[in-house]
1. Does the stretch 90-119 hold any residues that are more than 15 Å from Ile77 (Cα to Cα) and touching a helix residue (DSSP H, G or I) at 6+ places or on another chain (Cβ under 9 Å), and which are they?
2. Among what's in the stretch 7-50 and is in contact (Cβ under 8 Å) with a residue 60 or more places away in the chain and in a helix (DSSP H, G or I), pick the residue that is surrounded by the fewest Cβ atoms within 10 Å (Cβ to Cβ).
3. Return a yes/no flag: does the stretch 137-147 have any residue that is more than 19 Å from the chain's Cα centre (by Cα) and either among the hydrophobic types (A, V, I, L, M, F, W, C) or on the phi < 0 side of the Ramachandran plot (or both).
4. Out of the stretch 117-134, which residues are more than 15 Å from the chain's Cα centre (by Cα) and of a type outside the set (A, V, I, L, M, F, W, C)?
5. Restricting the search to the stretch 19-40, which residues are over 12 Å from Met89 (Cβ atoms) and either acidic (Asp, Glu) or in contact with a Lys or Arg (Cβ under 8 Å, 6 or more places away or on another chain) (or both)?
6. Please find, within the stretch 95-111, the residue that is surrounded by the fewest Cβ atoms within 10 Å (Cβ to Cβ) out of those that are of a type outside the set (Val, Ile, Thr) and under 17 Å from Tyr144 (Cβ atoms).
7. Based on what the data block shows, is Ala118 modelled with pLDDT of 95 or more, surrounded by 15 or more Cβ atoms within 10 Å (Cβ to Cβ) and among the small types (Gly, Ala, Ser)?
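The values are calculated or read from the model by the stated rules, or taken from the named source; none is laboratory data. Please read these numbers as outputs of a predicted model, since none were measured by experiment. So basically every Cβ, Gly included, is an ideal-geometry build from the backbone, and we count neighbours across all protein chains shown.
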Amino acid sequence: MSSNPSEQNCYFCRVSRGEADPFIFENRSFVGIFDTHPVNPGHALMIPRRHVVSLFHLIEQEQEDYFDAVRGVRAAIEATDLKHLYLNMLGRDDLKDRPKDHIESVLKLDFLGNKPDAYTVGNNDGREAGRSIDHLHIILLPRYRGDVEDPKGGIRNVIPSRANYPRR
């Protein structure tokens, strides 16, 4: 890591240096963590060790390590007792000043103890796409039968008025 001020103040650079949030996976280019504001049980992030803003700026080595990280984080999600994870998160000192409503909501879900039925893998690549921290992070979001009324269209639904199209 360089000593660039934006990198020194970047939350995900702190994570990748091991200064915040425990790793659930790591390889030479990426670390994996459970998101502390989970949308669904097992919601996790893959974060490049290098401060890089866009998926399109990954160097060849990072591109080679990308799918290893996807598989590794998925394996960690599926091997974790998620109820225990979230109960533990509620008591973590480093999270004491953060809102816990997402964690509490996930703990109430009927499918909390189930294995994921599918995954949504995504990246908000840029502020206009919804990114809030300017350090690439890839979201692995476990999906469960019944987590939304109708999952048809998936990621297309980020723009609901244009998500539907005729299917043959």
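1. Residues satisfying the conditions are Leu90, Leu95, Lys100, Ile103, Glu104, Leu107.
2. By that ranking, first place goes to Tyr11.
3. yes
4. Across the stretch 117-134, the qualifying residues are Asp117, Gly126, Arg127, Glu128.
5. The answer is Glu19, Ala20, Glu26, Arg28, Ser29, Phe30, Val31, Asn40.
6. Only one residue fits best here, namely Lys108.
7. In short, no.
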